[in-house]
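Colleague: Below is one structure. I have some questions about it.
The values are calculated or read from the model by the stated rules, or taken from the named source; none is laboratory data. Everything numeric here is computed off the predicted structure, so don't read it as measured data. Methodologically, a virtual Cβ is constructed for each residue, glycine included, from the backbone with ideal geometry; neighbour enumeration extends over all protein chains shown. Quick note on the areas: whole protein, heavy atoms, side chains included, nothing else; ligands and nucleic acids left out. Shrake-Rupley method; radii C 1.70, N 1.55, O 1.52, S 1.80 Å.
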Amino acid sequence: YTDCFDFLRIYETRLHPYDMVLLDLYMPQMHGFDLAQRIRAHDHDVAIIYLTFIEDTDVILNAFSYIQPIGYLLKSYTSEAFKQKFTEKVEEYLANSKDKIFEVRTGHEVRFVSTSDVLLISSERKLKHFHLVNGDILDEYTSFDKHERICNKNHFYRVDRSIMVNLR
């Protein structure tokens, strides 16, 4: 988005919230710190990564004092370095999450879903249905094996060959 207010209008009314927001610290209509606070007021779970050209440590520390982002990335990185740093931040976030995270690929979209947001996972052959607390159902073509390790360590119980239920 090039307009903060367009982003907020869509973000605050979106039925499927974002898992992560890359947020520039300096934007024309609104400072990135302020936008981060507006996002947090609406969504406490979204991961925020700040983007900036500024390498001044004081500015970066100030950015972290407003909202706890999962990190920041410098715009001056080469595209390869940016991709590597971004991947590291996402992997670090997923590894440190209090709940484990399912990576669910639905068509061209990838959703990161906390185990606490999943009521049950049902299966019709290779099609898995993630039934979420908010009523959504995400479909992914995969085997149970992909997610079973996460399920076994996070209070899921296999009812039969085609259903795993979250006991929390």
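Colleague: On a full-extension model of 0.36 nm per residue, what is the gain between ASP145 and HIS42, subtracting their alpha-carbon distance, rounded to one decimal in nm? Mind showing how you got there, number by number?
Modeller: Details: separation 103, 0.36 × 103 = 37.08 nm, distance 3.47 nm.
Roughly 33.6 nm would be gained on extension.
Colleague: In the chain, carbon and sulfur make up what percent of the accessible area (probe 1.4 Å)?
Modeller: Values: 5460 of 10470 Å².
Carbon and sulfur together cover 52 percent of it.
Colleague: Might you tell me the accessible area per residue for the chain, computed with a 1.4 Å probe and given in Å²?
Modeller: Values: 10470 Å² over 168 residues.
Ligands and nucleic acids excluded, the result is 62 Å² per residue.
Colleague: What relative contact order, as a whole-number percentage, does the chain give when Cα pairs under 8 Å and 6 or more residues apart are counted?
Modeller: Reported as a whole number, the value is 13 percent.
Colleague: For the chain, give the share of DSSP beta bridges that are antiparallel, in percent and rounded to the nearest 5; count only bridges with both residues there.
Modeller: Numbers: 24 of 33 bridges.
Of those bridges, close to 75 percent are antiparallel.
Colleague: Under the rule a/c < 1.5 gives rounded, and otherwise a/b versus b/c splits prolate from oblate, where does segment 118-168 land using the Cα gyration tensor?
Modeller: In terms of gyration-tensor shape, oblate.
Colleague: Give a residue-ordered list of calculated ³J(HN,Hα) values for segment 159-167 (Karplus: 6.51 cos²θ - 1.76 cosθ + 1.60, θ = phi - 60°; whole Hz; x for Gly, Pro).
Modeller: Computed from phi, the couplings for segment 159-167 are 6, 7, 5, 10, 9, 10, 10, 7, 7 Hz.
Colleague: Another question, if that's okay. Between ILE48 and residues 5 or more places away or on another chain, which pairs have amide H atoms under 5 Å apart, with H built 1.01 Å from N, and which residues are they?
Modeller: VAL21, ILE70
Colleague: Heavy atoms only, 1.4 Å probe, whole protein assembly: order LEU94, LEU8 by accessible area, highest first.
Modeller: Working: LEU94 40, LEU8 5 Å².
Per-residue accessible area, sorted high to low, gives LEU94, LEU8.
Colleague: Which of LYS89/LYS146; LYS100/LYS128; LYS89/LYS128; LYS83/LYS128 have a Cα-Cα distance over 25 Å?
Modeller: Values: LYS89/LYS146 22 Å; LYS100/LYS128 18 Å; LYS89/LYS128 28 Å; LYS83/LYS128 30 Å.
Listed pairs above 25 Å: LYS89/LYS128; LYS83/LYS128.
Colleague: Still on this structure: Which one, HIS147, VAL110, LEU132, is farthest towards the positive end of the dipole of segment 72-147 when Lys and Arg carry +1 and Asp and Glu -1 on their Cβ?
Modeller: So the residue furthest toward the plus end is VAL110.
Colleague: Ok, one more. Quick one: net charge around TYR18, please, counting Lys, Arg +1 and Asp, Glu -1 for every other residue with C-beta under 12 Å from its C-beta.
Modeller: On the way: positive: ARG14, ARG111; negative: GLU12, ASP19, ASP43, ASP45, GLU109.
So the environment of TYR18 carries a net charge of -3.
Colleague: Taking the Cα centre of the chain as the origin and placing charges on Cβ (Lys, Arg +1; Asp, Glu -1), which of VAL159, THR87, PHE7 is farthest toward the positive end of the dipole?
Modeller: The one lying farthest along the dipole's positive direction is VAL159.
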